[in-house]
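Chemist: Dropping the structure in here first, questions after.
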Amino acid sequence: MTRSKTSAGVLTWGTIPKRVPSILQDLPIIFAGFALFYALLSMTHYWLAPANAETAIQLRVSALPKYAMFSVLRIAIAYLFSLAFTLVYGYIAAYNARAEKFMIPLLDTLQSIPVLSFLPGVMLSMVALFPTRQLGVELGSILLIFTGQVWNMTFSFYSSLKNIPREMREVAQVYRWSWWQRFTQMELPYAAIGLVWNSMMSVAGGWFFLMACEMFILGNRDLRLPGLGSYLQTAANAGDTRAIVWGLSVMIGIIVLIDQLIWRPVIAWSEKFKFEQVESVESPHSFVLDFLQRSKILPFLARVAVRPVRECLSLYFANRQAAASQNRKPGAIGKWISRALLGAMLAGVAYAFVKMIILLVGLTRAELHGIFVGAGATLLRVAFTLVLAGLWTIPAGVIVGLRPKLSAIAQPLAQIAASVPATALFPIILLVLIRAGGGLGIGSIVLLLLGTQWYILFNVIAGAMAIPTDLKEVCNVFRFNKLERWRELYLPGIFPYLVTGFVTASGGAWNASIIAEYFRFKGHTYTVTGLGSVISDATDTGNYRVLIGATILMAMMVVTINRLLWRRLYALAATRFKLEG
Amino acid sequence: MTPPMAERLQELISQGKWEPAFELLRELKPAAAADLIMTMRFEEQQLLFRQLPIPLAASIINHLPYFHAYVLLHSRPVQEMAAIVEAMKQAERDHFLDALPEEAWTSLMDELAEAGSATEPPAVQTPETGREKEVAARPAADEKPIIEARGIEKSFTQKDGSEIQVIAPVDLSLESGTIIALLGPSGSGKSTLLRILSGLAAPTAGKVLWHGEPVGECSPNVAIVFQSFALFPWLTVLENVESPLLARGMEHEERHRRALKALDSVGLKNFETAYPKELSGGMKQRVGFARALAVEPEVLFMDEPFSALDVLTAENLRGDLMELWLAKKIPTRSIFIVTHNIEEAVLLADRVIVLGRNPARIRADFRIALPQPRDRKSAAFFPYVDYIYKVMTKPELTLAPPSATAKQPTPMLPHARPGGVAGLLELLMDRGGEEDLYHVAETLLLEVDDLLPILDAATMLGFATAHEGDVKITPPGRTFAEADIPTRKRLFREALTHVPLMQQIVTALENKSDHTMPVEFFRDLLDERLPAHDVEQQIETVLNWGRYADIFTYDSASDRLRLILAGEAANSQEAAPLH
């Protein structure tokens, strides 16, 4: 603002050339606005069209931009749903002690349920809601993406709320901040950084499961939605290598673009929410953010539209708060409503539970056998994948992390590699494997590995970088040999990071097994024994008993492993292997 | 009064010529003699007063400031102290006793009663009148208090359902026009009391009245300044200061104007657009002050506002605050400051309240009658500091009101390391075996919070004695300070035989066939009696002491203690790490 004042006041030859590009600078922003508007318009148009579930997916390259746009919008809308859910659920769980007791374990369980298990329920109810419009199937697909994105964001927001420093809360309390002021000036900013990082992870997860979420068989119905995921899947079915490569390139291009245009600027911007008292020396940087901040149109919009609205809302809630504190009446009606809601919810849960039991009782011996054998196979597969991932990422991560110059080059490269969803690469990998004589047995492990190894690698690099220099010098002084160094310093030093990496990787691997163990390729369905393939197959054939039984088993196994193994290792990491100053 | 006379007196004292010194004092009127004594250094005063014949002491004592009188009286043995009080004229004695703060008075009465029944008459006559006069003497008594706390208590429920009381029933009122400092050892519930008075936390029992109305039903106009500043890093300085005004629904222009005014008053003009992390600690706390002052609070609460700042910055900020307050540039009517810095309290406050711990109760509540601005080098300053040290170092039990229930709290181990105790003893040896606590704290650059546990540990082990704000090394302490490390460990071990908790542990370990026990067992034992935080401190101290003394070894992986048997001790002495 100060800049615009000076340039308007002192009009010299020196200032004019600067002004002209500043108007030009705003052109991309205006164009981006129009593009978004057009995209939304065509999306609504398509949504409201009569239901046509069996859209033929064209493998022409010229169809790709439209498909890409549909997929991006789907992920974006699912993300907005996730954000809204996160804020509401996290808020209630953090502030209502009674609700917290069941909301958090529920979240833990939901997180461990694979995306496909939600498919029949979500899809059937959405289609039933809008039987004549495309909207039903679309909403179903969006909700599926939502179920893959939302849980970790909610956890992050909840724990941020729980960790707000006491004195900050006391400031809000002693000055009687309104609910709105608390939310916008304290809670949301405090949670911002965690929310941004988890949003990135969630959207990456959305791309990973995109193929499963855009094209699926539900009983006797073959549902496919126009999008990048279904394009890739169709191309894989047809064995069209050229289309696969094209689709893949577009997908990677979009992911890189989104990273540069959205995530980098958002991360750089969210720096200001860092809870630190001293300015850090190095902070993330984004050209796009600089560009946006230099523009004229955004500050103008902020001044004209955002600020008055914000002011208005703040004052409204402040006055309401003041009025409420003067005549405080216990809301008898509100109490009854919440009681009634709770009662209805409990009844619903009980009904669903009974229904589920009835379904489960119908499981045949053969089906039970399949589920349990599958669970064992997947457990072994996940464990083997984690060991394999650890075997290469630990040495590689430590070597990279200990050499600052090397990590400066390797880290961005690894980040790009990690941002490519493994599922998109899968058709190519499978093609190579089948030519080489291998099958899905190896393929599934490669896919799990591709999907999960990055979490471990990044954490190991971070851990190795955090090993204090003086400890490394001690090793030099005492002439530790390689073995001693690893045993005494590197492994204990990276341990807490390693645990974090393994926890994320293990959760991801279980979830990814539904895709890795069951793949349609060149008109042929490849499967290997496993819980993931049991779930995928049950979804395809509409066998809900098996679907529910297998899902429950998987959720139970994941939650049990978390409780028995990872949580203990976490505790160990937090006490014994904590490196302090 | 006259310098030559003071010099003469000092000369006589330094040469140990007591009789001529007494003659000199007898020639003066008692008031003049008292003034003469006051011109000397406090150490010299004590030296002289210890020698004074009882009638002479009795005639002078009432003319000394009462803190001085109280402190000097206590430099004599109890019997002599009682005799001096006895020998005072009736009117003077009454005047002297009336002037004493309640706690000092109670404690003196106890001591006199201890000295013998002969001193009973004055003691019995004065209690009621003494108290009434003390209340009546308060200048603000004509005004109604702003905040009045009646019988407030706070207790927390432990995991096992038992209750731990952190604040015993406390009555307290904040009157207009005063700065009140709340002092107490760490963990004594100072901050909790502040939060209850300001309406942030609710007491478990009792009530807090704000202008006679329960605090929960009205919205008191208060502000709090925090030790950690509690600024929002994502808001600019201006937005931080504006935030409480926004909460009051103030329009944009008015908000802006008031915030700028508040920033200007703390010297932060032109920093509006900065973010807190760009500012130094002192400037951050200035923002904290500006935010508090922007709401023009009737009572300004401060929770250790200067503790996170370096000495110079703190001094500077204190000066600025006092300037605002004394020049009445702020509409605030009362300031309530929690601190653990005794000097700070004497420097700022009109009234000082000292809390005891486990649970917190008021041990002293008195006014500081020095004019502002105060000089910490002035003669009248020191006695207040010394008096507070004395109240804080005095064993709690003697001061506890007799109505306290028979339940005796188990003696806690002071949270100090053996190294700290050794350091204190070495310093005492250096200073000839005895030193004033205030000077010890100054020399070691320790806050009273850090010094007291070390002192308590030294006393508990019998290495030193504390008396009236002084600390004195004992013969065993002397041996310990001069010994080499293995001998020190042995002495420490022997001294620990008098510590009940340590003995309990040793007995338990001895009775096990393998001589090991999980620490968890002792933690559970303590859990029943102490809040969780204290339990951790106790365990940490036990481990520190026991390992230093080679009583047991501790394996952190299995969290177990193992007794070191007599034969092993010799070997482990070399192996044991030095603390």
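The values are calculated or read from the model by the stated rules, or taken from the named source; none is laboratory data. Here the structure is a predicted model, which means the values were calculated and not measured. Here Cβ is always computed from backbone atoms with ideal geometry, including for glycine, and neighbour counts include all displayed protein chains.
Chemist: With respect to residue B:206, is the statement that it is over 23 Å from residue B:275 (Cα atoms), in contact with a strand residue (DSSP E or B) (Cβ under 6 Å, 6 or more places away or on another chain), more than 9 Å from chain A (Cβ to nearest Cβ) and not in a helix (DSSP H, G or I) true?
Modeler: Yes; evaluated as a whole, the condition is true for this residue.
Chemist: Only one residue in B:267, B:282 is over 20 Å from residue A:178 (Cβ atoms), assigned to a helix (DSSP H, G or I), more than 10 Å from chain A (Cβ to nearest Cβ) and at pLDDT below 90, so which one is that?
Modeler: Exactly one residue qualifies, and that residue is B:282.
Chemist: Return yes or no: is residue B:291 within 12 Å of chain A (Cβ to nearest Cβ), touching an Asp or Glu at 6+ places or on another chain (Cβ under 6 Å) and in a helix (DSSP H, G or I)?
Modeler: No; evaluated as a whole, the condition is false for this residue.
Chemist: Across the stretch B:348-368, what is the number of residues that are over 23 Å from residue B:323 (Cα atoms) and of a type in the set (D, E, K, R)?
Modeler: Within the stretch B:348-368, residues that are over 23 Å from residue B:323 (Cα atoms) and of a type in the set (D, E, K, R) number 4.
Chemist: Here is a further query. Of the residues A:113, A:75, A:92, which is crowded, with 18+ Cβ neighbours inside 10 Å and modelled with pLDDT of 85 or more?
Modeler: Within the list A:113, A:75, A:92, the selection yields A:75.
Chemist: Look through the stretch A:146-189, keep the residues that are closer than 15 Å to residue A:270 by Cβ and modelled with pLDDT under 90, and return whichever of them is nearest to the chain's Cα centre (by Cα).
Modeler: Among those residues, the one meeting the criterion is A:153.
Chemist: Looking at the stretch A:151-207 only, could you name the residues that are polar (S, T, N, Q), in contact with a helix residue (DSSP H, G or I) (Cβ under 8 Å, 6 or more places away or on another chain) and at the interface with chain B (Cβ under 8 Å from one of its Cβ atoms)?
Modeler: Hits for the stretch A:151-207 are A:178, A:181, A:185.
Chemist: While we're looking at this one, here's another question. Are there helices (runs of 4 or more DSSP H) fully within the stretch A:503-578 with at least 1 residues that are touching a residue at least 60 places away in the same chain (Cβ under 8 Å), surrounded by fewer than 19 Cβ atoms within 10 Å (Cβ to Cβ) and hydrophobic (A, V, I, L, M, F, W, C)? List them.
Modeler: A:544-561, A:567-575
Chemist: I've got another one for you. Picking from A:457, A:425, which residue would you name as being in a helix (DSSP H, G or I) and touching a Gly at 6+ places or on another chain (Cβ under 9 Å)?
Modeler: Checking each option against the conditions leaves just A:457.
Chemist: Now for a separate question. For the stretch B:294-307, name all the residues that are at the interface with chain A (Cβ under 10 Å from one of its Cβ atoms) and either farther than 23 Å from residue B:259 by Cβ or assigned to a helix (DSSP H, G or I) (or both).
Modeler: Listed by number, the list holds a single entry, B:294.
Chemist: Of all residues in the stretch B:477-513 being modelled with pLDDT under 85 and assigned to a loop (DSSP other than H, G, I, E, B), which is farthest from the chain's Cα centre (by Cα)?
Modeler: Only one residue tops the list, namely B:513.
Chemist: Among A:407, A:419, which is the only one that is modelled with pLDDT under 85, farther than 28 Å from residue A:249 by Cβ and among the polar types (S, T, N, Q)?
Modeler: A:407
Chemist: If only one of B:38, B:81 is surrounded by 18 or more Cβ atoms within 10 Å (Cβ to Cβ), at pLDDT 75 or above and within 21 Å of residue B:6 (Cα to Cα), which one is it?
Modeler: From the options B:38, B:81, the qualifying one is B:38.
Chemist: On the basis of being aliphatic (A, V, I, L, M) and farther than 29 Å from residue A:66 by Cβ, does residue A:186 make the cut?
Modeler: yes
Chemist: Provide a single number: the residues in the stretch B:15-40 that are part of a helix (DSSP H, G or I) and either under 21 Å from residue B:71 (Cβ atoms) or of a type in the set (Lys, Arg) (or both).
Modeler: Residues that pass the stated criteria total 14.
Chemist: Within the group A:67, A:95, A:91, A:38, which residue is assigned by TED's automatic domain parsing to the domain that holds residue A:240, in contact (Cβ under 8 Å) with a residue 12 or more places away in the chain and within 25 Å of residue A:258 (Cβ to Cβ)?
Modeler: On inspection, the qualifying residue turns out to be A:67.
Chemist: Let me ask something else. From B:43, B:92, which residue is outside any loop (DSSP other than H, G, I, E, B), assigned by TED's automatic domain parsing to the domain that holds residue B:7, surrounded by fewer than 15 Cβ atoms within 10 Å (Cβ to Cβ) and among the acidic types (Asp, Glu)?
Modeler: Sole residue among the options that is outside any loop (DSSP other than H, G, I, E, B), assigned by TED's automatic domain parsing to the domain that holds residue B:7, surrounded by fewer than 15 Cβ atoms within 10 Å (Cβ to Cβ) and among the acidic types (Asp, Glu): B:43.
Chemist: Out of B:344, B:296, I need the residue that is under 30 Å from residue B:155 (Cβ atoms), in contact (Cβ under 8 Å) with a residue 12 or more places away in the chain, in contact with a strand residue (DSSP E or B) (Cβ under 9 Å, 6 or more places away or on another chain) and acidic (Asp, Glu). Which one?
Modeler: B:344
Chemist: If you don't mind, there's one more thing I want to ask. Quick one: count up the residues across the stretch B:221-248 that are at the interface with chain A (Cβ under 9 Å from one of its Cβ atoms), part of a loop (DSSP other than H, G, I, E, B) and of a type outside the set (Phe, Trp, Tyr).
Modeler: Adding up the residues that qualify gives 7.
Chemist: Whether any residue in the stretch A:118-139 is among the acidic types (Asp, Glu) and within 25 Å of the chain's Cα centre (by Cα) is what I want to check.
Modeler: yes
Chemist: A further question follows. Give me the helices (runs of 4 or more DSSP H) completely within the stretch A:231-297, filtered to those with at least 2 residues that are surrounded by 14 or more Cβ atoms within 10 Å (Cβ to Cβ), more than 14 Å from chain B (Cβ to nearest Cβ) and at pLDDT 80 or above, ordered by residue number.
Modeler: A:241-258, A:264-270
Chemist: Just for the stretch B:249-263: of the residues that are of a type in the set (D, E, K, R) and crowded, with 18+ Cβ neighbours inside 10 Å, which one is nearest to the other protein chains (Cβ to nearest Cβ)?
Modeler: Among them, the one singled out is B:255.
Chemist: Might you let me know whether the stretch A:334-355 holds any residue that is outside any helix (DSSP H, G or I), over 31 Å from the mean Cα position of the chain (by Cα) and modelled with pLDDT under 85?
Modeler: no
Chemist: Criterion first (crowded, with 21+ Cβ neighbours inside 10 Å, within 14 Å of chain B (Cβ to nearest Cβ), under 23 Å from the mean Cα position of the chain (by Cα) and among the hydrophobic types (A, V, I, L, M, F, W, C)) does residue A:212 satisfy it?
Modeler: no
Chemist: To continue, here is another question. What residue, of A:381, A:310, is under 30 Å from residue A:173 (Cα atoms) and surrounded by 13 or more Cβ atoms within 10 Å (Cβ to Cβ)?
Modeler: A:310
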